[in-house]
Amino acid sequence: MTKEPDGRDLNLSLKLLWGGRTRPQRGRPPTLSLDRIVAAAVEVADELSLTEGLEALSMRSIATHLGVGTMSLYRYVPGKSELLDLMLDHVIEVPETDPGDVRGWREILTEGAHHHWKLCMDHPWYPFVDQSRPLLGPNSMRGLDRLFSLLRPTGLDDRTLMMMIGVQGDYVDGLARGYINERRAERRTGVSNEEFWQAQAPTLVDAMNSGRFPTMAALSESTFDFTYEQLFEFGLARLHDGFAAFIDRGARPA
């Protein structure tokens, strides 16, 4: 069985991800191509992701963006589910590998986390796609291949490295979703994050002065004075501190 509950045909997605995309050698070049459709879908999703969300992405909205009829898209891709598989792989950019790169695992993972964070910021729909059962396309496979080639000289076993990569990826996606949801709320309501908290200030001040929350009332004024970028850096460093402590103990996962 290759179809999932959302209608995605795994075999078709894999064929589109890994199949050739050559055009006929003779005659007029076709107006559309699979690559052009995928690129247009990414552009539309980028535009919608901070307003209507990825749910608003449709074959019709992509066709309108391209200036073609909706049915013409189905000659290249069977539907939105398979198109999302192509979009996810399309936006992954893999840096060139320096053969002389001898950095430790922490520096390599930090670079990867920043690259992942930028991907989520550039394409705010990306961390909201369910990738619990991802299909590995050429770009994602190339990225993993590069990452393992850099990390294996550290001496850690492949299974441990894969778990470290997975935990870090989930951390970045989770924090990115929180930040993007905040930006969406600003767009949706027209109320900035600062205005949102200012509106609560009188009620919260009264609550603090009531004596019912003595610990909260005693917090310093700078307690909540940090950005999502600062939170990202802090959490990433602490995550890596945990990895380091685990490695120092012998790196033997249960």
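Can you tell me the FRET efficiency between residue 70 and residue 136 if r is taken as the Cβ-Cβ distance and R0 is 25 Å, rounded to the nearest 0.05?
According to the calculation, E is roughly 0.30.
At an R0 of 51 angstrom, the distance between the Cβ atoms of residue 217 and residue 118 translates into a FRET efficiency of 0.85. One chain, two ends: residue 47 and residue 94. Fully extended at 0.36 nm per residue, the span grows by 14.6 nm beyond their Cα-Cα distance. Quotient of the Cα radius of gyration of segment 123-211 and 2.2 N^0.38 Å, N being its number of residues: 1.70. Using C-alpha pairs under 8 Å with a sequence gap of at least 6, the mean separation divided by the residue count of segment 113-217 gives a relative contact order of 30 percent.
With protein chains left intact and a 1.4 Å probe, residues in segment 159-225 average 71 Å² of accessible area per residue.
Extension gain, residue 226-residue 189: 0.36 nm per intervening residue step, less the Cα-Cα distance, totals 11.1 nm.
Semi-axis lengths, largest first, of the ellipsoid equivalent to segment 47-186 are 32, 18, 12 Å, with √(5λ) applied to each eigenvalue of the Cα gyration tensor. Spacing of the modelled spin labels on residue 36 and residue 238, each 7 Å from Cα toward Cβ, amounts to 5.0 nm.
The values are calculated or read from the model by the stated rules, or taken from the named source; none is laboratory data. Note that this is a predicted model, so its numbers are computed, not measured. In this analysis, Cβ positions are derived from the backbone assuming ideal geometry, glycine residues included, and neighbour counts consider all displayed protein chains. Just the protein is used for accessible areas: all its heavy atoms, side chains included, with ligands, DNA and RNA removed. Shrake-Rupley method; radii C 1.70, N 1.55, O 1.52, S 1.80 Å.
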